[in-house]
1. For segment B:216-225, how many residues are more than 7 Å from chain A (Cβ to nearest Cβ) and either among the polar types (S, T, N, Q) or more than 11 Å from residue B:153 (Cα to Cα) (or both)?
2. Please determine, by comparing only the residues of segment B:82-130 that are surrounded by 14 or more Cβ atoms within 10 Å (Cβ to Cβ) and of a type in the set (Phe, Trp, Tyr), which one is nearest to residue B:22 (Cα to Cα).
3. Collect the residues in segment B:193-211 that are within 10 Å of chain A (Cβ to nearest Cβ) and not β-branched (Val, Ile, Thr), keeping them in residue-number order.
4. Among residues belonging to segment B:143-170 that are in contact (Cβ under 8 Å) with a residue 12 or more places away in the chain and within 8 Å of another protein chain (Cβ to nearest Cβ), point out the one that is surrounded by the most Cβ atoms within 10 Å (Cβ to Cβ).
5. Hand me the list of helices (runs of 4 or more DSSP H) wholly inside segment B:108-218 holding 3 or more residues that are over 22 Å from residue B:46 (Cβ atoms) and among the small types (Gly, Ala, Ser).
6. Which ones in segment A:115-166 are at the interface with chain B (Cβ under 9 Å from one of its Cβ atoms) and in a loop (DSSP other than H, G, I, E, B)?
7. Would you mind stating whether residue B:170 is modelled with pLDDT under 90 and over 18 Å from the mean Cα position of the chain (by Cα)?
8. Which of the residues spanning segment B:47-75 are of a type outside the set (Ser, Thr, Tyr), surrounded by 15 or more Cβ atoms within 10 Å (Cβ to Cβ) and in contact with a Ser or Thr (Cβ under 8 Å, 6 or more places away or on another chain)?
Amino acid sequence: MWTWFHRLGSPKWFYEISGRWLPWLTAAMLLFLAVGVVWALLFVPQDYQQGLTNRIMYVHVPVASISLAFFPMMAVAGTVSLVWKMKLADMVVKVAAPLGAWFTALALASGSIWGIDTWGTWWVWDGRLTSLLLQFFLLIGMISLRSALEDGDAAAKACALFSIVGSINVVVIKYSVDWWNTLHQPATNFTADPSQPNGPEIWVPLLLMVIAVYLFFIISVILSTRNEILYRERRAQWVEELVSQS
Amino acid sequence: MVETAAQTSTAQAFLATLKRDLLIAYKRKNDMVNPFMFFLIVATLFPIGISPEPERLSEIAAGVLWISALLASLLAMDNLYRADYEDGSLEQLLLSPHPLYFMVLAKNIAHWLVSGLPVVLVSPLIAYMLSLPEGSFGVLFLTLLLGTPVLSLLGSIGVALTVGLGSRGLILAMITLPMCVPVLIAGTLAVEQTQNGASLMGFLAIEAAMLLAALTLAPLASAAALRISVN
């Protein structure tokens, strides 16, 4: 049962298998994205208070959801990299940091566009906004730590350790700033009952968008990891053969 | 000789490391005085930069003291492992048979006694100069007393990760400052809320919980980071 795990130790195996997954993942993402965007932007009824502005939710919620979820994911990859010294896990830690920073920045940007219309300001020192901003700073620190440590092995271990410490810290930061100052609306409970205001015609397109954006994130991670594999294995024979074929 | 070395208990090694670091700090008085002076200077900049009026100062006094203490602690951080890394004694520490956790803890405690405690002790004076309401002096003092060791313990992880780097100052700040935010929040909220009649005990309990969590976990992370940085 552990063979799949041992296979992950081989970047070559991952490069080949992910190459076969990519078309399917991309097709699924495009399908979900097309249905989700059209449904969310054209057919979802307008919010009775926020009007059209509410449609920003269909971008903001998926992006923000990833910016909260990827740090624990990076910490898991970091743990695998520290414990089993798996090269692939370190590559995931490496490529997840800039991607996560982008998603954090996008969540902040889409949130402030929503905020200018509903709260009347681009920025408030609210708990959730502040904790995402601090997470963004931590990620920039992590990226610069990696680029400063030129030695590959030390950089891998240091960033893996930092991803673990950072993910614990992000949780503490989140709760402490929520305690400090909160304006952001809490997460909404969606119901399956069509008569309720948050019924399926609101959340089904949101779910489609969340799946589409998660697929986009996974595809981005896989593509960047494949680049990283090719770069690190550039002296391996299989990479040379691959390059000479193309 | 081998036998006597084997007979050294972990407690003795802990005390020896603590004593050695305190002695080195005593002999290099600049390293000891500079963070303290930096704290005073930063705290002085706020009234000049914002406003000398007592009413406005009293509102920001607690935050100013906390931020100054945080920056002073960050500035002093570099001394924690730097000299030991350069002269090779850090490698000896890693090679010792005793758990690295306690050695790191001893170094962190020595570092706090030298750079953190003076800041805590002088804080009532600066608080007076910044017109902090008199009832809050005790709260500020107690929260700084519980909070500044957490800053040292958290900063130690960042220093341990970056000790081998040439240009480490800014990276250290970028990875350490966001991590220190919860301590800053607890400290400044305690001062603000007790002025509005909240009970002090809850805030002290949170600060003490942070300190205990940092005491148990942070030296483990620092030790792991030192093993990575010193190959």
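1. Result for segment B:216-225: 3.
2. B:112
3. Listed by number, the list holds a single entry, B:210.
4. Restricting to residues being in contact (Cβ under 8 Å) with a residue 12 or more places away in the chain and within 8 Å of another protein chain (Cβ to nearest Cβ), the top hit is B:161.
5. By residue number, B:137-162.
6. A:149, A:151
7. So residue B:170 fails the test.
8. Across segment B:47-75, the qualifying residues are B:57, B:61, B:62, B:63, B:65, B:66, B:69, B:72, B:74.
The values are calculated or read from the model by the stated rules, or taken from the named source; none is laboratory data. Keep in mind that what you see is a predicted model, and the values were worked out from it rather than measured. Every residue, glycine among them, receives a Cβ derived from its backbone with ideal geometry; neighbour counts consider all protein chains shown.
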